[in-house]
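The values are calculated or read from the model by the stated rules, or taken from the named source; none is laboratory data. As the structure is a prediction and not an experimental result, all values here were calculated from the model. Neighbour counts are summed over all protein chains in view; Cβ atoms, including those assigned to glycine, are modelled from backbone coordinates with ideal geometry. Accessible surface is based on the protein model in full, side chains and every heavy atom, while ligands, DNA and RNA are left aside. Shrake-Rupley method; radii C 1.70, N 1.55, O 1.52, S 1.80 Å.
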Amino acid sequence: MAAVATRGFGRLDGRRAFVSGGAKGIGAAIVRSFAGAGAQVVIGDLDLSTAASLAGQVNATAVLLDVGDTSMVQTVISQHGPFDIIVNNAGVDQHAFFTETTPEDWARLLAVNLVSTLACTQAALPSMQAAGFGRIINITSEAARLGSKGGAVYSAAKGGVIAFTKSIARENARFGITANAIAPGPIRTPMLEAAVAQGGDKILRAMTDATLLRRLGEPEEIAAAVLFLASDQAAYITGETIGVSGGMGIGG
C-alpha cells in the first residue's frame, strides 16, 4: 500500500484558500477555521466592511465580490490567486411559494446560489490543474435533496450544485483535484434568522422538528466538516455530498 504524505490532522499550513460569502454566518466560521489551521485565506464578499473586520481578526485578506457578477468573480480570483482551496459558500434564500415568485426572483436565486459556484470554480480550476492539486468544496443544502416548501427555486439551485460537484469531480480527478459538497440543515445564521423573522416561531419549530437532534446547527459545525474536506486526510474523498443536518430527512 502506497504511503500518503499528510500534514498534521486538520492542518492547512501553506495552503491558499478562497471563501465566497465569507463575511458572516457559515462563511465566517469557515474563514476562522481555515486561518486557525494555518491557511492563507482570502474572503470574497459583497459586505466588504464586515469581511475586512473579520480579516483583521484572523490575519486574512478581504476583497469586494459580487458573486452574481461573473466577470468580477474572474477578476478577483485571478488577481488574488492561485488558490489551493476554494469554498463556494455565498448564498441567498427567499421564502415564498413558487406561484408567488417572479422570473426576476429566479434569476437572482440561480445567479447567487448556482451560477456563482460555476464562475468561481471555472476561474480557479486552471491554476489547480497546472499545480496538480486542488480542493473544491461547495455549500449546498439538504433542501436540494428533500425539497423545501416555500423554497422551490432555492432548492433547485442547490440541487444543481450537487450535480455540478459530481461532474467536476469526474472531470478533474486526473489532476489531483477533489470536489465535494456539504449539505447543511437548519443552521443558526443571519439567513435563517431572516427566515424566522418573516415566518415566525412556527418556522423555527418546523426546522428544529425536522432534525433528529431537535436543534439548530451552529456555523462551526459546518466549518469543521469543510476543514476536513480541505485537509490532506480527505484526499480519497471526491464527488460526495455530506449532510451536516442533525439527521434531517431520516425521519423519526
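Here are the numbers for this structure:
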item	result
Options 33, 49, 20; residue that is open to solvent by 10 Å² or more (accessible area, probe 1.4 Å), of a type in the set (Ser, Thr, Tyr) and touching a residue at least 12 places away in the same chain (Cβ under 8 Å)	33
Whichever residue in segment 102-112 is open to solvent by less than 70 Å² (accessible area, probe 1.4 Å) and hydrophobic (A, V, I, L, M, F, W, C) and, among such residues, is farthest from the chain's Cα centre (by Cα)	107
Segment 1-55, subset aromatic (Phe, Trp, Tyr) and outside any helix (DSSP H, G or I), residue farthest from residue 236 (Cα to Cα)	18
Positions within segment 55-76 being crowded, with 22+ Cβ neighbours inside 10 Å and either on the phi > 0 side of the Ramachandran plot or over 16 Å from the mean Cα position of the chain (by Cα) (or both), in sequence order	55, 60, 62, 76
Residues of segment 104-147 satisfying the condition of being among the basic types (Lys, Arg) and more than 18 Å from residue 87 (Cα to Cα)	108, 145
Scan of segment 193-213 for residues that are in contact (Cβ under 8 Å) with a residue 24 or more places away in the chain and open to solvent by 70 Å² or more (accessible area, probe 1.4 Å), ordered by number	198, 212, 213
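Matching residues to (1) open to solvent by 60 Å² or more (accessible area, probe 1.4 Å); (2) in contact (Cβ under 8 Å) with a residue 24 or more places away in the chain; (3) closer than 27 Å to residue 197 by Cβ:
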site: 93; (1), (2), (3): yes, yes, yes
site: 114; (1), (2), (3): no, yes, yes
site: 121; (1), (2), (3): no, yes, no
site: 128; (1), (2), (3): no, yes, no
site: 132; (1), (2), (3): no, yes, no
site: 141; (1), (2), (3): no, yes, yes
site: 145; (1), (2), (3): yes, yes, yes
site: 148; (1), (2), (3): no, no, yes
